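The values are calculated or read from the model by the stated rules, or taken from the named source; none is laboratory data. As the structure is a prediction and not an experimental result, all values here were calculated from the model. For neighbour counting, all protein chains shown are included, and Cβ atoms are generated from backbone atoms with ideal geometry for every residue, glycine included.
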Amino acid sequence: MDSERTLMETTPFFWVMFNAFVVAMLFLDLKVFHRKAHQPAPREALAWSLGWVVLALGFGAILFGVMGADKGLEFLSGYIVEKSLSLDNIFIFSVIFQALSIPLKYQHRILFWGILSALILRGLMIWLGFALISWFHPLLYILGGFLIFTGLKIVWGTEKPVNMATHPLILFLQRHIPLTSTIEGQQLWRRTKDTPRRWEATPLFVALVLIEGSDILFAVDSIPAIFAITLDPFIVYTSNVFAILGLRSLYFLLADAVERFAYLKSGVALVLCFVGLKMVMMDIYKIPTGWSLFIILMILGGSVFLSYGGRSQGCRK
């Protein structure tokens, strides 16, 4: 009982400290390290990617020490699930930037604002999710079934490819706001030449809207997935935030390589099926968090190994 009371007393402090840390890191990112637009070199992207992973693991270690092993394992499991599900975002980012011909040196700024907005949207969606689950507990079974269906749909290969020409958000923007195909540095909007008082959206703004729209769609999968790991709002929120913060550097590191791992998408699909099954049966039998983490790591590690092995055999041939 004393440990539960201590946890309740320290949690508000952790909420404040964690969000202060996020704001500080975003400020350093935008105002210090990436003040000028440039194309991140592979070494820089690798350093940032490893840095975010180290910070996430360090945060998990803090949870181990302060809140106990269960909370630490829940965070690590949730972080790995969210990180693996974010790989689809990387592919979509690449498709959007290529379709709109956005230069690499401007992509970082778009992803910064996109990820900042995603943090706010994820927070609201997590809060809404907990409110709905508190009001209607069987919603967990529905979400679990949805995750299993989504995973099977990926395995069966029934996902439709993205078509920018007929994308609903593109069509909506074309109908309601003036657009230009001209890129004006890092500007999202620019004044029209004929009418200086009139503004028109640049391709960077269109890319930002598409990235936000895609993140909302992916959050429909990722947020229910972590509910199968834990129902602690702080763990759900922090694991999502760490996965999102590291997504930008991971994109610059893996954008050209993510499709080379042929079995990784199937591995992510199996993870979705597993967490969906865990959610459906959580009131009958709760799989220990340690075992959940082990199974998720084995699925993802096996898919990467099979992808690498298949690529090596192809090279030898």
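Within this structure, Phe205 fails the test of being surrounded by 23 or more Cβ atoms within 10 Å (Cβ to Cβ) and either among the aromatic types (Phe, Trp, Tyr) or over 20 Å from Lys71 (Cβ atoms) (or both).
Which residue, of Leu128, Leu116, is modelled with pLDDT of 85 or more and assigned to a helix (DSSP H, G or I)? If you could, list the steps in order and put the result at the bottom.
Numbers: Leu116 fails: modelled with pLDDT of 85 or more.
The unique qualifying residue is Leu128.
Taking segment 183-197 as the range and being surrounded by 10 or more Cβ atoms within 10 Å (Cβ to Cβ) and either more than 20 Å from Trp113 (Cα to Cα) or modelled with pLDDT under 70 (or both) as the test, the residues that pass are Arg191, Thr192, Lys193, Thr195. Of the residues making up segment 72-86, those that are crowded, with 21+ Cβ neighbours inside 10 Å and either polar (S, T, N, Q) or farther than 17 Å from Leu55 by Cβ (or both) are Leu73, Glu74, Ser77, Val81, Ser84, Leu85. Residue pairs whose Cβ atoms lie under 7 Å apart, separated by 6 or more positions or on different chains, with the first residue in segment 212-224 and without any contact (Cβ under 8 Å) to a residue 60 or more places away in the chain and the second of a type outside the set (D, E, K, R), are Gly213/Leu169.
Out of the residues in segment 25-45 that are of a type in the set (A, V, I, L, M) and surrounded by 12 or more Cβ atoms within 10 Å (Cβ to Cβ), which is modelled with the highest pLDDT? Please lay out each step first, then the result.
Within segment 25-45, the subset of a type in the set (A, V, I, L, M) is 25-26, 28, 30, 32, 37, 41, 45.
Restricting the remaining residues to those that are surrounded by 12 or more Cβ atoms within 10 Å (Cβ to Cβ) gives 25-26, 30, 37, 45.
Working: Met25: 83, Leu26: 79, Leu30: 67, Ala37: 62, Ala45: 78.
Among them, the one singled out is Met25.
Restricting attention to segment 46-71, the residues being buried (at least 20 other Cβ atoms within 10 Å of the Cβ), of a type in the set (Gly, Ala, Ser) and in contact (Cβ under 8 Å) with a residue 24 or more places away in the chain number 1.
Within segment 279-299, being under 16 Å from Leu147 (Cβ atoms) and hydrophobic (A, V, I, L, M, F, W, C) holds for Met279, Val280, Met281, Met282, Ile287, Ile295, Ile296, Ile299.
Does Pro224 satisfy the criteria of being modelled with pLDDT of 80 or more and either surrounded by 17 or more Cβ atoms within 10 Å (Cβ to Cβ) or of a type in the set (D, E, K, R) (or both)? If you could, list the steps in order and put the result at the bottom.
Numbers: modelled with pLDDT of 80 or more: yes; either surrounded by 17 or more Cβ atoms within 10 Å (Cβ to Cβ) or of a type in the set (D, E, K, R) (or both): yes.
For Pro224, the condition - modelled with pLDDT of 80 or more and either surrounded by 17 or more Cβ atoms within 10 Å (Cβ to Cβ) or of a type in the set (D, E, K, R) (or both) - is met.
With the structure loaded, tell me whether Ile154 is aliphatic (A, V, I, L, M), within 18 Å of the chain's Cα centre (by Cα) and at pLDDT below 80 or whether it fails that test. Yes: the conditions hold for Ile154.
Restricting attention to segment 127-143, the residues that are surrounded by 10 or more Cβ atoms within 10 Å (Cβ to Cβ) and either over 20 Å from Lys278 (Cβ atoms) or among the polar types (S, T, N, Q) (or both) total 4. Scan segment 272-282 and give yes if some residue there is within 29 Å of Gln107 (Cα to Cα), touching a residue at least 40 places away in the same chain (Cβ under 8 Å) and under 16 Å from the mean Cα position of the chain (by Cα), otherwise no. No: zero hits.
From the set of residues in segment 87-110 that are of a type outside the set (A, V, I, L, M, F, W, C), buried (at least 17 other Cβ atoms within 10 Å of the Cβ) and over 30 Å from Ile229 (Cα atoms), which is farthest from the chain's Cα centre (by Cα)? Here the residue is Tyr106.
Checked across segment 169-182, the condition of being at pLDDT 80 or above, within 19 Å of the chain's Cα centre (by Cα) and part of a helix (DSSP H, G or I) holds for no residue.
Restricting attention to segment 285-292, does a residue exist that is buried (at least 23 other Cβ atoms within 10 Å of the Cβ) and either at positive phi or assigned to a helix (DSSP H, G or I) (or both)? Yes, segment 285-292 contains at least one residue that is buried (at least 23 other Cβ atoms within 10 Å of the Cβ) and either at positive phi or assigned to a helix (DSSP H, G or I) (or both). Within segment 237-264, residues that are farther than 13 Å from Leu55 by Cα and modelled with pLDDT of 75 or more have Cβ atoms under 7 Å from residues that are of a type outside the set (Val, Ile, Thr) and outside any helix (DSSP H, G or I) in these pairs: Leu247/Ser86; Phe252/Pro40, counting only partners at least 6 apart in sequence or on another chain.
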